[in-house]
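The structure appears right after this line, and notes come after that.
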Amino acid sequence: MPPFLTGCLTLALGFALSGLTASAFEAATARRASFRLLRAPDLLAVVAVPLVTIAAPYMLARNLAAPRNRGRSAVGVFVGTVLAGLWSLALGSAALTAIGV
């Protein structure tokens, strides 16, 4: 398989895992997954660290696409998109390594 295609599929796998994790959290707790979970005063803050680590690309993309953020600069959107993409790529690569592919 060409390296470009492998990279694209790894990126897609990472973003899909990110979205799955955020959606599972939202379904289980009826709370929206967000970076504010890290400031929770109870046990949720401890659980939020791995959750936010895995769900961050999805949460970044969701925040960038939110209608209330239409006033963002093009540079800010670009940096957020690149960050979400690289994080998804790292997450997908870690997932593939974990399953032994």
* Among the residues listed as GLY71, GLY76, the single one being at pLDDT below 90 and assigned to a loop (DSSP other than H, G, I, E, B) -> GLY71
* **Single residue of region 30-61 satisfying the filter (part of a loop (DSSP other than H, G, I, E, B), free of Cβ contacts under 8 Å to residues at least 24 places away in the same chain and of a type in the set (A, V, I, L, M, F, W, C)) that is surrounded by the most Cβ atoms within 10 Å (Cβ to Cβ)** => ALA40
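The values are calculated or read from the model by the stated rules, or taken from the named source; none is laboratory data. Note that the structure is a prediction, hence the values are computed from the model and not measured. Backbone-built Cβ (ideal geometry, glycine too); neighbour counts: all protein chains shown.
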